[in-house]
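Novice: Quick one: structure below, then a few questions.
The values are calculated or read from the model by the stated rules, or taken from the named source; none is laboratory data. Predicted model only: the values in this text are computed from it and were never measured. Note that each Cβ is placed from the backbone with ideal geometry, even for glycine, and that neighbours are counted across all protein chains shown. Quick note on the areas: whole protein, heavy atoms, side chains included, nothing else; ligands and nucleic acids left out. Shrake-Rupley method; radii C 1.70, N 1.55, O 1.52, S 1.80 Å.
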Amino acid sequence: MCGIVGVIGREQAAPLLLDALRRLEYRGYDSAGIATLLDGGIARRRAEGKLGNLAAVLEAEPLPGTTGVGHTRWATHGAPTERNAHPHATARVAVVHNGIIENHAELRSELEAKGARFETETDTETFVRLLDSLLAEGMEPIPAFAAALKRVHGAFALGAVFAGHPRLLLGARQGAPLAVGFGEGEMFLGSDALALAPLTRRIAYLEEGDWVALTDDAARFFDAADTPVERPVVQTAVSGAVVGKGNYRHFMEKELHEHPAVLGDTLRQYLDPKTLAVRLPRLPFDPATVSRLTMTACGSAFLAAHVGRYWIEKLARIPVDADVASELRYRDPPLAEGGAAILVSQSGETADTMAALKLLKEGGQKILSIVNVPESTMARASDAALLTVAGPEIGVASTKAFTAQLAVLACLAVGFGRARGQLDATDEARLTHALLQVPSHAAEILEKDAQIRALAAEVAKARDVLFLGRGALYPIALEGALKLKEISYIHAEGYAAGEMKHGPIALIDKEVPVIALCPSGPLFEKTASNLQEAAARGGRVMAFTDAEGAAPLRRFAEHVIELPTVGAFSAPILHAIPVQLLAYHVAVLKGTDVDQPRNLAKSVTVE
Ligand code: F6R
């Protein structure tokens, strides 16, 4: 995925590029680099590992020059070494690249046959060598760039600067986002508006297939056929304020503690606390008549969609298909006439979800997305977007954005239920009242921090962990397992509690914590009996429940953490918080890099 940035500035480019890369580090942090133009040539500084390493290199060897490009990498082709770090450069051109050039092997053979000597295994270098060969033939940078773009396939965004052209910066977009920022006598290029927002609020987005030539104070846009096009300049709402950690040790900890505020802000968008009615904006389909819904997303966002499916089917009686976007995009499912799709994404840039969007749109489905970034590609490509009001989420593991997605989906389910006559005004008031209690219950759960930390001390010793839940808490069990895996590197699985005896129970022994989401309610007895089966085989049962569920579970469970008593409807939102907090504390005890876990990136813009 990677983050790219470029500037034609008035001041030194390197500090500004480094600062912008800090805001893009969520896209990848395997290595980073900056190239600037000076005295007719190109100078580069690159470093393996986190951005701090590049900052140290720049401190030791500052990089002058007012025009340059920067990159933070999530490795796809070639190990995350300094040699493979971007910018990739020859004496004539330096390039930063986000995405994958799919025909790189074929281009490499062709260029090698003509005498090009490659220094790295990266796909990016093929574009650089291709561009370099055209420049060597005497082509000017702009036509050479346009010609080189015609030869590469894949999904990518590119930025390039050219030796001897100190006030020229070129960019291209094909399947990965790219924004242009307009300053006063300065121009910027960046993977997103967040990277550019402190530099300028005036942003234009490249459309699919576009490329752009930036000079001192102008941007000339071209489409894939090289026809000049206009792209509107918008005033971005994204705040460039550098998001700090405050007194928290990690962004993830801070973001976990933002749950009550974020849930309150998000619910207030879609509920009227006075009338206890759901207040939805205009939707691209009529929930009263829609024949079928397809819900899709990736990772945690998919798990939110999975909970949404339980809610929408139960409260609105709309048939729902839910599948991860990476499968849906190739499954070629028959799509219902008069159907619609709901896509969920924090970033609004996830490549698989975007590909699913395209497939669903081509299949005649109306697209409603739930996104946290209003100006994201997904929000712009959807027929309508509902925003989660989570604010920037910096920790790679999703926390507050996930519960905010659940909050929006819960409101949608109630709104759909009303529209279809499945719920009456009294039902609506009861359900919205339950949702309005969620922020204060979330705050109560965060006060259980010490108890959850004690539980984490046990879980941190384990090699394998099982999470169990039933009904709409099953996806939350999956979320607990996903979060634990990704930040503590402990192997964890989530299961529907009723599935235990069909296989996973074979894993149970005294070393395996079984973490259950088991509040009182209609499914309590069933889940409790699955837990007893685990305890009878030596399994160490650890349960999140409520006051009523606590007493029976204490008879056999090693740890019982009592959460506020809430109905089945809002339970998934509230149970997500302790499992995320548990993963956080386990990761801290294990000493992992909580905010930037290994091998991951916040926004997965490659397939
Ligand atoms: C897990 C996590 C990921 C994301 C997934 C989708 O903690 O953060 O699984 O949920 O990569 O990302 P978005 O929501 O940006 O589409």
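Novice: Roughly how many percent of the accessible protein surface of the range 522-592 is carbon and sulfur, given a 1.4 Å probe and a whole-percent answer?
Specialist: Exposed carbon and sulfur together represent 51 percent of the surface.
Novice: Please report the accessible area of Cys411 (heavy atoms, 1.4 Å probe, ligands and nucleic acids excluded) in Å², nearest 10.
Specialist: 0
Novice: Between Glu137 and Glu102, what's the calculated FRET efficiency when r is the beta-carbon distance and R0 is 22 Å? Round to 0.05. Walk me through the numbers before you get to the answer.
Specialist: Values: r = 25 Å, r/R0 = 1.13.
Rounded to the nearest 0.05, the efficiency is 0.35.
Novice: Whole angstrom only: what separates the Cα centroid of the range 310-333 from the Cα centroid of the range 443-485?
Specialist: Their Cα centres are 26 Å away from one another.
Novice: What does the helix-only formula give at 222 nm for the chain: each DSSP H stretch with n ≥ 4 adding -39500 (n - 2.57), the total divided by the residues, and the result rounded to the nearest 500 deg cm²/dmol? Could you put the intermediate results ahead of the total?
Specialist: Values: 19 runs with 230 residues, N = 607.
Computed mean residue ellipticity for the chain: -12000 deg cm²/dmol.
Novice: Within the range 84-159, report the trypsin sites (Lys or Arg not before Pro) that DSSP leaves as loop and that have at most 14 other Cβ atoms within 10 Å.
Specialist: Here the sparse-neighbourhood loop sites are Lys114, Arg117.
Novice: If you don't mind, another one. For the range 447-607, compute the orientation-averaged projected area of the C-alpha convex hull (one quarter of its surface), in nm². The partial results should precede the final answer.
Specialist: Numbers: hull surface 38.5 nm².
Averaged projected area of the range 447-607's Cα convex hull equals 9.6 nm².
Novice: Then there is this: What is the gain in length, in nm to one decimal, between Asp424 and Leu589 on full extension, counting 0.36 nm per residue of separation less the C-alpha to C-alpha distance?
Specialist: Taking Asp424 through Leu589 to full extension adds about 54.5 nm, to one decimal.
Novice: Any of Lys361/Lys400; Lys485/Lys510; Lys50/Lys245; Lys400/Lys448; Lys245/Lys448; Lys274/Lys366 with alpha carbons more than 24 Å apart? Name them for me. Numbers along the way, then the final one.
Specialist: Working: Lys361/Lys400 29 Å; Lys485/Lys510 20 Å; Lys50/Lys245 18 Å; Lys400/Lys448 17 Å; Lys245/Lys448 21 Å; Lys274/Lys366 31 Å.
With Cα atoms farther than 24 Å apart: Lys361/Lys400; Lys274/Lys366.
Novice: Here's another thing I want to ask about it. Need the full-extension length gain, Arg10 to Ala218, defined as separation in residues times 0.36 nm minus the C-alpha distance. One decimal, nm.
Specialist: Separation in residues times 0.36 nm, less the Cα-Cα distance, equals 73.4 nm.
Novice: Moving on to the next point. Extending each Cα 7 Å along its Cβ direction at Glu337 and Ala261, get the distance between those two points in nm, one decimal.
Specialist: Here the answer is 5.1 nm between the modelled labels.
Novice: In what sequence, highest mean first, do 285-291, 28-34, 231-237, 159-165 appear when ranked by Cβ atoms within 10 angstrom?
Specialist: 28-34, 159-165, 285-291, 231-237
Novice: Another question, if that's okay. What number does the range 100-165 give for Rg over Rh if you use C-alpha atoms and the Kirkwood radius?
Specialist: On the way: Rg = 11.3 Å, Rh = 12.1 Å.
Dividing the radius of gyration by the Kirkwood radius yields 0.93.
Novice: Next up: Counting each pair of different Cα atoms once, what's the Kirkwood radius of the range 264-367 in Å, rounded to one decimal?
Specialist: Values: mean 1/r = 0.0694 Å⁻¹.
Averaging 1/r across every pair of different Cα atoms and inverting gives 14.4 Å.
Novice: For the range 42-147, what is the convex hull volume of the alpha-carbon atoms per residue, in Å³? Don't skip to the end; give the middle numbers.
Specialist: Details: hull volume 11.4 nm³, N = 106.
Per-residue hull volume (Cα only) is 107 Å³.
Novice: How high is the relative contact order of the chain, in percent, with contacts defined as C-alpha pairs under 8 Å that are six or more residues apart? Could the numbers behind the result be given before it?
Specialist: Values: 1430 pairs, mean separation 71.7, N = 607.
Rounded, it is 12 percent for the chain.
Novice: Further question on the same structure: Starting from the exponent 0.38 and prefactor 2.2 Å, build the expected Rg for the range 252-436 from its residue count and divide its actual Cα Rg by it. Could the numbers behind the result be given before it?
Specialist: Numbers: Rg = 15.4 Å, N = 185, 2.2 N^0.38 = 16.0 Å.
Ratio of Rg to 2.2 N^0.38 Å for the range 252-436: 0.96.
Novice: Which order do peptides 431-444, 335-348, 392-405, 481-494 fall in by mean Cβ count within 10 Å, highest first? Don't jump to the answer; show the numbers that get you there.
Specialist: Details: 431-444: 19.8, 335-348: 24.3, 392-405: 26.3, 481-494: 22.7.
Peptide ranking by packing, descending: 392-405, 335-348, 481-494, 431-444.
Novice: Here is a further query. If I take R0 = 35 Å and measure r between the Cβ atoms of Glu230 and Ala288 in this structure, what FRET efficiency does the formula 1/(1 + (r/R0)^6) give, to the nearest 0.05? Kindly include the intermediate steps, with their values, before the conclusion.
Specialist: Working: r = 39 Å, r/R0 = 1.13.
E(calc), rounded to 0.05, equals 0.35.
Novice: Now, a different point. Rounded, prolate or oblate: which fits the range 366-407, taking a ≥ b ≥ c as square roots of the Cα gyration tensor eigenvalues, rounded meaning a/c under 1.5, else prolate when a/b beats b/c? Walk me through the numbers on the way to the answer.
Specialist: Details: a/c = 2.56, a/b = 1.74, b/c = 1.47.
The shape class here is prolate.
Novice: Can you give the extra length, in nm with one decimal, that the chain gains between His491 and Arg268 once fully stretched, where that is 0.36 nm per residue apart less the Cα-Cα distance?
Specialist: Details: separation 223, 0.36 × 223 = 80.28 nm, distance 3.75 nm.
The span from His491 to Arg268 would gain 76.5 nm if fully extended.
Novice: Kindly state, as a whole number, the per residue volume in cubic angstrom of the convex hull around the alpha carbon atoms of the range 3-235. The partial results should precede the final answer.
Specialist: On the way: hull volume 24.0 nm³, N = 233.
Residue-normalised Cα hull volume stands at 103 Å³.
Novice: Which whole-number percent gives the relative contact order of the range 1-102, counting Cα pairs below 8 Å spaced six or more residues apart?
Specialist: Details: 250 pairs, mean separation 36.5, N = 102.
Relative contact order, the range 1-102: 36 percent.
Novice: Sticking with this one: Which whole-number percent of Cα pairs in the chain have a distance greater than 41 Å?
Specialist: Details: 53428 of 183921 pairs.
Distances greater than 41 Å cover 29 percent of the Cα pairs.
Novice: Hey, what did the range 336-489 get for relative contact order, percent, Cα under 8 Å, at least 6 apart?
Specialist: On the way: 138 pairs, mean separation 21.1, N = 154.
Relative contact order of the range 336-489: 14 percent.
Novice: Between Lys314 and Ala237, what is the label-point separation in nm under the 7 Å Cα-to-beta-carbon projection?
Specialist: Label-label distance for Ala237 and Lys314, simple model: 3.1 nm.
Novice: Let me ask you something else. Starting from the range 1-98, pick out the GluC sites (Glu not before Pro) whose DSSP state is loop and whose Cβ has at most 12 other Cβ atoms within 10 Å. Provide the component values of the computation, followed by the final result.
Specialist: Working: sites: Glu11, Glu25, Glu48, Glu59, Glu82; in loops: Glu11, Glu82.
Loop-located and lightly packed - Glu11.
Novice: Which peptide among 170-182, 193-205, 546-558 comes first, and what is the full order, when sorted by highest mean count of other Cβ atoms within 10 Å? Working shown, then result.
Specialist: On the way: 170-182: 25.0, 193-205: 21.4, 546-558: 16.7.
Listed from highest to lowest mean packing, they are 170-182, 193-205, 546-558.
Novice: Once each part is reduced to its C-alpha centroid, what is the distance from the range 210-280 to the range 112-172 in angstrom?
Specialist: With the range 210-280 and the range 112-172 each reduced to a Cα centre, they are spaced 32 Å.
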